[in-house]
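Reading through the structure tokens given below for one structure.
The values are calculated or read from the model by the stated rules, or taken from the named source; none is laboratory data. Quick caveat: nothing in here was measured; it's all calculated off a predicted structure. Cβ atoms come from the backbone with ideal geometry, glycine included; neighbour counts cover every protein chain shown. In case anyone asks, the SASA skips ligands and DNA or RNA and just uses the protein heavy atoms, side chains included. Shrake-Rupley method; radii C 1.70, N 1.55, O 1.52, S 1.80 Å.
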Amino acid sequence: MSDVPRVGGKNASLGELISGLSSAGIRVPDGFATTADAYRAFIGHKNLDRDIGTILDSLDVDNLADLREAGASIRGMVMNHPLPADLERSVREAYDTLGGSVAVRSSATAEDLPEASFAGQQETFLNVRGIDQVLHRVREVFASLFNDRAIAYRVHQGFAHADVALSAGIQRMVRSDLGASGVMFTIDTESGFEEAVFITSSWGLGECVVQGSVNPDEFYVYKPALAAGRPAILRRTRGSKLIKMVYAPEGSERTVETVDVDPARQYAFSITDEDVTELAKMAVAIGEHYGRPMDIEWGKDGETGDLMILQARPETVRSRDSGNTLEQFRLKEDGEVLVTGRSVGQRIGTGPHNVPQLTHWA
């Protein structure tokens, strides 16, 4: 974790897991990372950083139209900017040691901090094949540091744009498209109860769970029973699991696609009790190593059956609470139902909403 300034929170944490917890049975896919210095060399070439700064210095992020225009302009500049020759050569050499299908993921130097969560703001690309596509996706990862949400979040959290650099992590894919994946927490995210591990799981690649586009299976595991070697699963809730993300067919313009789940698999749990127990043991080991509540992504390889840890970051919601207050919410009156779905928690909110305008670039 001392390498966060060099490779960002995500990639530093992956290195920490490999170096500190492999002996405890924590399995992490192989990979490599570009450095923050490589990113700075990229945007420093031909004064790209100066041109970006000029746009950002005059930007009012609360003006959504201006924010969209500025973000699109900067991303276009980044995508049209060549990678430094030594960076491209290094990526080519490192990819030769991996080959095959990889994920190209972003890792910001101000990411996954206990006091602020930048998770999900930058791009991730799955099932990337071939060095030309890897190099293209690395540039897209760099450009995603300037998506609209990331620009506004840095301003509102008090981070100077120039102080945040990006590392691209290139990681061997786990064939969870043929298996299952999900997210787990070393505390109960609803109550803050610290003696439980909360695990979510669904068929296919984990992006559907991370993005909240699928209702996953849920499991609660009691840590003291787990440590004593007794049955420890407190509760199982079967999710609808209507869709899953899988590899796109070869020759397709896309690398992944979302498809419907067969009804028979919707009604089946996506992982076994043995999987749940093994994942919970991994979560406990990771939480103890980091010494704080953790938010962990995992995948089950459908070819080998191996359970793999894809990343681990500090949990930044319940871990901030004192744990001494219990809140209960009650809906006082009903209104017209506009949309239905599965709630994330038990809170109630009210107020105006915004429909975001999406921007795309080639």
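Assess whether V214 counts as being open to solvent by less than 40 Å² (accessible area, probe 1.4 Å), closer than 29 Å to Q328 by Cα, part of a loop (DSSP other than H, G, I, E, B) and at pLDDT below 95.
So V214 fits the description; yes.
Do we find a residue being in contact with a Lys or Arg (Cβ under 8 Å, 6 or more places away or on another chain), of a type outside the set (S, T, N, Q) and either closer than 28 Å to D132 by Cα or surrounded by 14 or more Cβ atoms within 10 Å (Cβ to Cβ) (or both) anywhere in region 85-99?
yes
When you scan region 285-306, do you find a residue that is in a loop (DSSP other than H, G, I, E, B), modelled with pLDDT under 85 and farther than 22 Å from G351 by Cβ, even just one?
no
Please specify each residue of region 56-67 satisfying the condition of being surrounded by 17 or more Cβ atoms within 10 Å (Cβ to Cβ) and in a helix (DSSP H, G or I).
If the condition is that a residue be surrounded by 17 or more Cβ atoms within 10 Å (Cβ to Cβ) and in a helix (DSSP H, G or I), then L56, L67 are the ones that fit.
With the requirement that a residue be more than 21 Å from V174 (Cβ to Cβ) and open to solvent by 60 Å² or more (accessible area, probe 1.4 Å), what does region 9-50 give you?
D37, R40, H45, K46, N47, D49, R50 - these are the residues of region 9-50 that are more than 21 Å from V174 (Cβ to Cβ) and open to solvent by 60 Å² or more (accessible area, probe 1.4 Å).
Could you tell me which residue of region 100-121 is modelled with the lowest pLDDT, considering only residues that are open to solvent by less than 20 Å² (accessible area, probe 1.4 Å) and of a type in the set (G, A, S)?
A116
Considering only residues that are among the hydrophobic types (A, V, I, L, M, F, W, C) and open to solvent by 40 Å² or more (accessible area, probe 1.4 Å), look in region 235-257 and name the one that is nearest to L178 (Cα to Cα).
I243
Report whether or not A268 is of a type outside the set (K, R), under 24 Å from G9 (Cβ atoms) and open to solvent by 10 Å² or more (accessible area, probe 1.4 Å).
Answer is no for this residue.
Touching a Leu at 6+ places or on another chain (Cβ under 8 Å) and open to solvent by 80 Å² or more (accessible area, probe 1.4 Å): which single residue out of D275, D260 fits that description?
Exactly one of D275, D260 is touching a Leu at 6+ places or on another chain (Cβ under 8 Å) and open to solvent by 80 Å² or more (accessible area, probe 1.4 Å), namely D260.
Does F198 satisfy the condition of being surrounded by fewer than 18 Cβ atoms within 10 Å (Cβ to Cβ) and either part of a helix (DSSP H, G or I) or without any contact (Cβ under 8 Å) to a residue 60 or more places away in the chain (or both)?
no
Are any of the residues in region 59-78 closer than 24 Å to G9 by Cα, acidic (D, E) and over 24 Å from the mean Cα position of the chain (by Cα)?
No; the residues of region 59-78 include none that is closer than 24 Å to G9 by Cα, acidic (D, E) and over 24 Å from the mean Cα position of the chain (by Cα).
So G182 ticks every box in (1) open to solvent by less than 10 Å² (accessible area, probe 1.4 Å); (2) out of contact with any Pro (no Cβ under 9 Å at 6 or more places or on another chain); (3) modelled with pLDDT of 95 or more but one. Which box is left unticked?
Of (1) open to solvent by less than 10 Å² (accessible area, probe 1.4 Å); (2) out of contact with any Pro (no Cβ under 9 Å at 6 or more places or on another chain); (3) modelled with pLDDT of 95 or more, only one is false for G182: (2).
Write out, first by first residue and then by second, each pair whose Cβ atoms fall under 6 Å of each other, whose residues are 6+ apart or on separate chains, and whose first residue, in region 16-39, is in contact (Cβ under 8 Å) with a residue 60 or more places away in the chain and among the hydroxyl-bearing types (S, T, Y) while the second is surrounded by 21 or more Cβ atoms within 10 Å (Cβ to Cβ) and assigned to a loop (DSSP other than H, G, I, E, B).
Y39/A165
If S144 satisfies every condition in (1) surrounded by fewer than 19 Cβ atoms within 10 Å (Cβ to Cβ); (2) out of contact with any helix residue (DSSP H, G or I) (no Cβ under 6 Å at 6 or more places or on another chain); (3) not aromatic (F, W, Y) but one, which is the exception?
Condition (1) is where S144 drops out.
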